[in-house]
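Reviewing the structure listed below.
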Amino acid sequence: MTRLDLGRPGLAVLAVDDERPALEELTYLLSADERIGSIQTASSGAEAIRILSGDQKVDALFLDIRMPGATGVEIAKTLARHANAPQVVFVTAHEDFAVGAFELHAVDYVLKPVRQDRLAEAIRRVDERLHVRTRGAPDEDEVIPVELAGVTRFVNRSQIRFVEAHGDYARLHTASGSHLVRISLATLEERWSPHGFSRIHRSYLVALRHVQEVRWDAGHTTVRIGDKTLAVSRRHARELRDRLLRDANRRG
């Protein structure tokens with residue numbers, strides 16, 4: 001294990017790879033990003049677990065998947081059970097685990113050889129996710145400024161029933177109307193998923209608390225929100241069902 005203090009405020013990260021050249025390259029690239037404050041390294045899953053079990057702060061884990069002993073997948077599964085666990089970014093040469101990585105709530109999935117710009121995007125996502133965790137607690141209601149006839153108005157996130165994609169824009173639907181904002185549906189999904197929003201279709205992001213009915217009929221799934229019935233794509237139907245069941249179990 002090594003520790004590199006970069007002498008600046010920023011994220012405390014742990015880089016894990018059993019191949020020394022890859023670990024050294026990743027450490028170098030991380031150190032070049034101004035958002036990184038310190039870097040610890042580990043050359044095995046077991047060593048990473050020892051560091052994570054210690055007292056030193058770790059904001060994010062940049063983790064190889066296939067390693068002898070404890071694999072990156074096993075480490076991520078362990079972390080997924082803890083509410084304030086470090087954010088996980090998989091850094092790997094294997095392309096066939098991207099879907100599984102996101103099922104483990106990984107922030108990103110970066111393929112080797114690692115490019116600086118691609119790593120920078122992963123660090124941005126980590127930073128944003130941590131920002132949501134520390135400043136976007138569920139009881140804090142985000143306020144979204146919207147333009148209406150030359151006047152700026154403010155809509156609370158809790159008022160939004162669902163969001164509809166419009167290219168690089170998104171339309172926010174509330175009980176009283178809708179508002180077009182210049183932000184992508186994918187960005188809102190990443191930002192609002194911890195606050196009870198779920199993607200149900202490439203065109204829709206819904207607030208689960210406003211879902212009044214889910215209907216499964218001959219392989220087709222729809223949800224009803226107010227007077228609107230929205231289609232759920234097959235790829236999102238299972239995720240929606242699982243999230244609704246988890247929410248019901250928590251309330252129970």
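The values are calculated or read from the model by the stated rules, or taken from the named source; none is laboratory data. Treat the numbers as computed from the prediction; the structure is a model and nothing was measured. With ideal geometry, Cβ positions are generated from the backbone for all residues, glycine too; neighbour counts draw on all protein chains shown. Side chains included, ligands, DNA and RNA excluded: accessible areas come from the protein's heavy atoms. Shrake-Rupley method; radii C 1.70, N 1.55, O 1.52, S 1.80 Å.
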Original post:
In this structure, does Leu14 turn out to be closer than 14 Å to Pro86 by Cβ, of a type outside the set (Asp, Glu) and assigned to a strand (DSSP E or B)?
Top reply: yes
Original post:
Among (1) within 19 Å of Ser158 (Cβ to Cβ); (2) part of a helix (DSSP H, G or I), which single condition is Arg235 missing?
Top reply: (1)
**OP:** Report, by residue number, each residue of region 1-23 that is open to solvent by less than 70 Å² (accessible area, probe 1.4 Å) and under 26 Å from Lys77 (Cβ atoms).
**Re:** Leu11, Ala12, Val13, Leu14, Ala15, Val16, Asp17, Asp18, Ala22, Leu23
**OP:** For residues that are in a helix (DSSP H, G or I), at pLDDT 65 or above and not charged (D, E, K, R), scanning just region 133-160, find the one that is surrounded by the most Cβ atoms within 10 Å (Cβ to Cβ).
**Re:** Gln159
Subject >> Hey, Leu245 out of contact with any helix residue (DSSP H, G or I) (no Cβ under 8 Å at 6 or more places or on another chain) and open to solvent by less than 30 Å² (accessible area, probe 1.4 Å) or not >> reply: no
**OP:** Look at Ile65 and say whether it is among the β-branched types (Val, Ile, Thr), at pLDDT below 90 and touching a helix residue (DSSP H, G or I) at 6+ places or on another chain (Cβ under 6 Å).
**Re:** yes
Subject >> Subset of region 24-44 that is assigned to a helix (DSSP H, G or I) and open to solvent by 20 Å² or more (accessible area, probe 1.4 Å) - its residue that is nearest to Glu128 (Cα to Cα) >> reply: Ser31
**OP:** Among the residues of region 193-227, count how many are in contact (Cβ under 8 Å) with a residue 40 or more places away in the chain and either part of a loop (DSSP other than H, G, I, E, B) or of a type in the set (A, V, I, L, M, F, W, C) (or both).
**Re:** 7
**OP:** Those residues that are closer than 17 Å to Ile160 by Cβ and either in contact with a Cys (Cβ under 7 Å, 6 or more places away or on another chain) or charged (D, E, K, R) (or both), I need them from region 211-242; list them, please.
**Re:** Arg224, Asp227, Lys228
Original post:
Taking region 172-186 only, how many residues are under 15 Å from Ala207 (Cα atoms) and open to solvent by 50 Å² or more (accessible area, probe 1.4 Å)?
Top reply: 2
Subject >> Top-ranked residue in region 50-64 [being crowded, with 17+ Cβ neighbours inside 10 Å and of a type outside the set (Gly, Ala, Ser); ranked as farthest from Val89 (Cα to Cα)] >> reply: Ile51
Subject >> Count of residues meeting criterion [among the aliphatic types (A, V, I, L, M), closer than 23 Å to Ala120 by Cα and surrounded by fewer than 17 Cβ atoms within 10 Å (Cβ to Cβ)] in region 65-87 >> reply: 1
Original post:
Somewhere in region 107-115, is a residue at pLDDT below 90, aliphatic (A, V, I, L, M), within 30 Å of Asp33 (Cα to Cα) and open to solvent by less than 60 Å² (accessible area, probe 1.4 Å)?
Top reply: yes
